[in-house]
1. Under 8 Å by Cβ, and 6 or more places apart or on different chains, what pairs join a residue from the range 93-117 that is touching a residue at least 40 places away in the same chain (Cβ under 8 Å) and more than 19 Å from Asn332 (Cβ to Cβ) with one that is among the β-branched types (Val, Ile, Thr) and outside any strand (DSSP E or B)?
2. For Asp166, all conditions in the list (1) acidic (Asp, Glu); (2) closer than 24 Å to Ser382 by Cβ; (3) modelled with pLDDT under 80 hold save one; what is the number of the exception?
3. Take the range 405-431 and flag every residue that is at pLDDT 80 or above and in contact with a Leu (Cβ under 8 Å, 6 or more places away or on another chain).
4. Taking the range 222-231 as the search range and keeping residues that are in a loop (DSSP other than H, G, I, E, B) and surrounded by 11 or more Cβ atoms within 10 Å (Cβ to Cβ), which one is farthest from the chain's Cα centre (by Cα)?
5. Search the range 429-442 for residues being among the hydrophobic types (A, V, I, L, M, F, W, C) and touching a Lys or Arg at 6+ places or on another chain (Cβ under 8 Å), and hand back the single one that is farthest from Met368 (Cα to Cα).
6. For the structure I just gave you, tell me whether Leu237 is of a type in the set (A, V, I, L, M), farther than 30 Å from Leu333 by Cα and surrounded by 20 or more Cβ atoms within 10 Å (Cβ to Cβ).
Amino acid sequence: MYNGEWKMYKVELKVKRDCSRYNSVISLCTLWLILLFFVPMNLSAQSIDSLITEALINNPQLKALNYKIKASEFKVESTDTYPSPLIGIEFSQVPIDNLNVWDKAVSNNLSISQMFPLGGKVSAMTDVAKKNVRIEQNNFEVYKTSLIAELKMSYFSLWFIDRKIDLQKKNIELLKKLLNSITVLYQVNRINQADLLTIKSEVSSHEVQLIILENQRESEVYKLNKLLGRELSSKDLFAVHKISIPKFEYSEAELSKILSQQNPSLNKMQSMIEMNESEVRANNKELIPDLMLSGMIMRMPRGMLLTSKTPPAMINGYGNIEIMYGVMASINLPFAPWSARKYTAKEEELLAGIKGIEHEKSDMEREMISNLKSALVKLKTSDELINLYSKNVVPSYELAVEAQTSAYQNNQTTINSVIDSYRMLLMQEMNYFMAQADYQMAIAEIEMMVGKELRIED
């Protein structure tokens, strides 16, 4: 992208031809500039796509949300059932001084009862449970979208830090070599002590910055390890050296439409509205009575119980065992005036909740569109800066470095001016890297807003 290599080659030839006295110093300066533009690629680097795949498999929170989906699906099965039947056994009127409950009781009763919800209550509650499954799926998609965006932002932050570390290390290495060469010139009184101290302070400054950057990198790696589901102490993580700048062709109107239709957070709010509507229908069905059917078998081991009012025809003087049965049907009355308010008030509560969620969804959508507009501005700014730095700023500073080097070889400037020109060139190179990282982060933020990864051609 840059023509710095060719320019530095011309500078080096000119230095060798015209300024033999400072030949070693100029050669080191030239080598410094060339190496800064050609940093070797780390062989163990991982692409962002491979890390996203790893995170989707290993992230603990994503696994937890997946199990919540499975749990909600089982809840649908458990809801789509009738209440359990009730079986009872009774030994009635056993003499207190006798433990033979089978033969000495007045009656042995075996009963069974079953409640039957009427009016489609079970199917209505099952529908509510199904809508809850959709909400859990939305929760999964919300976190997945956020995870991918956060992973991309952290990845490109790591990429930017790596680029700064690479340049700082090259700076330190070449400044030390330059310092050794200048020390020789200082010993023969060809330069003054101020130049020597300037180089030493420059080395110390870069070493301090390197320590800061390495600590920042360690912190960023911890963050990535957490997102990836790796051991937090693992440090074997490197971003690729070179990233492409894709061409972003989506308009604001297209992105706003995708956001409204596919953003998982908005879809979750809509699923909550639909679930509350299903709860309203299920609640209204509670006003329909439930049917209770019961049956009982009675065994009287001592025969029919005799009383003073027992008709003679029912008297069994031999005390034969009597077997009888009974059936019963009953319904509840939920629409009774003192009970109905429980269900009507619940309906009002759910309807008010639906209105609240609708307004919350509208506010959330407005906020997301506002954030989308901000991200598009950031993307446009980064794109313009990338073009500006690559075509104008960096080449201009390359020419400035070349001019300072030529002036130095003709004894028209000091080594400080040459170093300052290199420092400014490095600063602009860092700004160029920052613009690239900001561009990628802006795309990640836009994808998080719209709720899906966008197809972008390199």
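The values are calculated or read from the model by the stated rules, or taken from the named source; none is laboratory data. The structure displayed is predicted, hence computed values, not measured ones. Here the Cβ is made from the backbone with ideal geometry for all residues, glycine too, and neighbour counts use every protein chain on show.
1. Listed by first residue and then by second, the contacts come to Lys104/Val94; Ala105/Val94; Val106/Val94; Asn108/Val101.
2. In the conditions (1) acidic (Asp, Glu); (2) closer than 24 Å to Ser382 by Cβ; (3) modelled with pLDDT under 80, Asp166 misses (3) alone.
3. Restricting attention to the range 405-431, the residues satisfying the condition of being at pLDDT 80 or above are 417, 420-421, 423-431.
Result: Leu425, Leu426, Glu429, Met430, Asn431.
4. Of the range 222-231, the ones in a loop (DSSP other than H, G, I, E, B) are 229-231.
Pick out the ones that are also surrounded by 11 or more Cβ atoms within 10 Å (Cβ to Cβ) and you get 229-230.
Details: Gly229: 12, Arg230: 15 Å.
This residue is Arg230.
5. Going residue by residue through the range 429-442, those that are among the hydrophobic types (A, V, I, L, M, F, W, C) are 430, 433-435, 437, 441-442.
Imposing the further condition that a residue be touching a Lys or Arg at 6+ places or on another chain (Cβ under 8 Å) reduces the set to 430, 433, 441-442.
On the way: Met430: 31, Phe433: 28, Met441: 16, Ala442: 14 Å.
Only one residue fits best here, namely Met430.
6. no
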